[in-house]
1. Restricting attention to segment A:51-75, and to residues there that are of a type in the set (S, T, N, Q) and buried (at least 16 other Cβ atoms within 10 Å of the Cβ), which single residue is nearest to residue A:22 (Cα to Cα)?
2. Please state which one of A:83, A:94, A:107, A:98 is under 28 Å from residue A:346 (Cβ atoms) and either of a type in the set (Gly, Ala, Ser) or without any contact (Cβ under 8 Å) to a residue 12 or more places away in the chain (or both).
3. Would a scan of segment A:34-55 turn up a residue that is more than 27 Å from the chain's Cα centre (by Cα) and not in a helix (DSSP H, G or I)?
4. Could you tell me whether residue A:256 is closer than 27 Å to residue B:18 by Cα, in contact (Cβ under 8 Å) with a residue 60 or more places away in the chain and among the hydrophobic types (A, V, I, L, M, F, W, C)?
5. Out of segment A:115-156, which residues are more than 10 Å from chain B (Cβ to nearest Cβ), touching a Ser or Thr at 6+ places or on another chain (Cβ under 8 Å) and of a type in the set (Val, Ile, Thr)?
6. Give the residues of segment A:149-162 that are surrounded by 24 or more Cβ atoms within 10 Å (Cβ to Cβ) and modelled with pLDDT of 90 or more, sorted by residue number.
7. Mind checking whether some residue in segment A:178-196 is within 13 Å of another protein chain (Cβ to nearest Cβ) and either under 22 Å from the mean Cα position of the chain (by Cα) or surrounded by fewer than 20 Cβ atoms within 10 Å (Cβ to Cβ) (or both)?
8. Quick check on my filter: what residues within segment A:129-145 are in contact with a Leu (Cβ under 7 Å, 6 or more places away or on another chain) and crowded, with 24+ Cβ neighbours inside 10 Å?
Amino acid sequence: MWQDFVNAISDLIQESGFANLTPLHLIMITIACVFLYLAIVKKYEPLLLVPISFGMLAANLPLGELMHPELWDTSPIDYGAVLHEGGLFDILYLGVKLGIFPPLIFLGIGVMTDFGPLIANPKSLLLGAAAQFGIFGTYLGAMALGNFTEKQAASIAIIGGADGPTAIWLTTKLAPELLGPIALAAYSYMALVPVIQPPIMKALTTNKERQIVMEQLRPVSKTEKILFPIVVTLLTVLIIPSAAPLIAMLMLGNLFRESGVVGRLSETAENALINIVTIFLGLTVGATASADKLSQPGFGLKALSIILLGLIAFSIGTAAGVLFGKLMCWITGGKVNPLIGSAGVSAVPMAARVSQKVGQEANPQNFLLMHAMGPNVAGVIGSAVAAGVLLSMVG
Amino acid sequence: MSLRTLSIVLVGMVVVFSVLSLLIISIKIYSTIIIKFKNRNSNSDKNSPKTNDVQRIEVAETTSVDTISTAQNGLNPELIAVIAAAIAAIMGGSSDGFKVKSIKRIGHTTPIWNVAGRNEYILTKL
């Protein structure tokens, strides 16, 4: 009787997570807790970092069977096995793996974005393009390091686009094994935009340039706003078909907003839908950061290089945007404040707020926000185009 | 550094710049067309005879405002209309009995602490 009791208890202990906990699991759980702390206490992109880090925490508890990384490591992936043997996170992860969630998030972003400042001043698209130097500069850096394949380097470089959904979309297509660290780096740096950008912006501009007051933007008519998503979709998708999922959904969302005839659809896309998708996306992206990945030789070093390269990507993007802004300032005879260039790295609307803040430090009467929104939303289009280019060239 | 890496970087940047430049051109073209089309419409409206007195007054006001706006930088017809409407509202809702002769931006008289506080408030709401 006593022996049975002891056996039962010891079996229970053997089957519990505690018995199967390895130091690697503990490391991953600690990392997850650090990110939870950053999200909850420091409020770094909490809407994404909370689901991501909790997904990481839950997936790294042994025997929980929420996520089975081994199902996703086979090539080609056996989707039948995923459906039959997969856990909760495996099934939700299908939306990431098949490239469904990031475009749906773009649909919501499209509804939330006002392209008016961009239509009023189309030249700001050039600033959005210049900031994409961050992506390609980092690609060069990652290839120079030598321990990344072409596809991995392209996925790391896209962190410089400062666009979470784009980074996740491209990484699942090119280098899904790095999805966890890349998504974490992308979202962490997006939250750190107000810390990373100002020193670079101040170093590259003179006080006089920062004080430049820009002309008020012209009002944009409704017809122009409605035509914009249609024209952008037609042109961009015809030139770079691989960017279609992101651009088409972004522009569909914007058409919902500007047409004004589908209020219910746009309300759903910008509230309920984007929130639901964000929960699924965050949770499962976090869950891909599993302990057995850490045990692979060299993965820790790779993760560290990704974090470092991500920072470089952001910095190059910001610097390229500001420098191009200086060029435009010079060409227009001092009508463009170079500070709006840094907003070209997308990270909407944080980067535009940073331009506004730095501009106001130099001249308290200056309101750069709307001027910076132009390059800011152009950056979203720019990074989606860059992702499409990388996918078609490297993929 | 392999040649392929460099070519990917070069082609990538060229494609991104050319796609976005193409977008700039197309936005400019269709904006110009729309603005011209609208101007033509509003011109033909102005030329047609008005039966309603109120409409005639509106047209007269816009033309006079247009001449002012070219003279003074930074003032557009909408801004003048808003300022005139604000004066009318504070004078009791009637447009009789006053004439807006000039609108001048006065220097910065708000205490700096008020400006700082206001900016901080705006930034928290962004």
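The values are calculated or read from the model by the stated rules, or taken from the named source; none is laboratory data. Predicted model, so just to flag it, every value in this text is computed and none were measured. Virtual Cβ from ideal backbone geometry, glycine too; neighbours counted across all protein chains shown.
1. Going residue by residue through segment A:51-75, those that are of a type in the set (S, T, N, Q) are A:53, A:60, A:74-75.
Filter once more, so that each one left must be buried (at least 16 other Cβ atoms within 10 Å of the Cβ): A:53, A:60.
On the way: A:53: 19, A:60: 10 Å.
The selected residue is A:60.
2. Details: A:83 fails: under 28 Å from residue A:346 (Cβ atoms); A:94 fails: either of a type in the set (Gly, Ala, Ser) or without any contact (Cβ under 8 Å) to a residue 12 or more places away in the chain (or both); A:107 fails: either of a type in the set (Gly, Ala, Ser) or without any contact (Cβ under 8 Å) to a residue 12 or more places away in the chain (or both).
After applying the criteria, what remains is A:98.
3. Applying the first criterion (more than 27 Å from the chain's Cα centre (by Cα)) to segment A:34-55 yields none.
No, the conditions are met nowhere in segment A:34-55.
4. Numbers: closer than 27 Å to residue B:18 by Cα: no; in contact (Cβ under 8 Å) with a residue 60 or more places away in the chain: yes; among the hydrophobic types (A, V, I, L, M, F, W, C): yes.
Criteria not met by residue A:256.
5. A:156
6. Step one: list which residues in segment A:149-162 are surrounded by 24 or more Cβ atoms within 10 Å (Cβ to Cβ), which gives A:153-162.
Residues satisfying the conditions are A:153, A:154, A:155, A:156, A:157, A:158, A:159, A:160.
7. Initially, segment A:178-196 is screened for residues within 13 Å of another protein chain (Cβ to nearest Cβ), giving A:194.
Then drop every residue that is not either under 22 Å from the mean Cα position of the chain (by Cα) or surrounded by fewer than 20 Cβ atoms within 10 Å (Cβ to Cβ) (or both), which leaves A:194.
Yes, segment A:178-196 contains a residue that is within 13 Å of another protein chain (Cβ to nearest Cβ) and either under 22 Å from the mean Cα position of the chain (by Cα) or surrounded by fewer than 20 Cβ atoms within 10 Å (Cβ to Cβ) (or both).
8. Of segment A:129-145, the ones in contact with a Leu (Cβ under 7 Å, 6 or more places away or on another chain) are A:129, A:138, A:141-142.
Passing the criteria: A:129, A:138, A:142.
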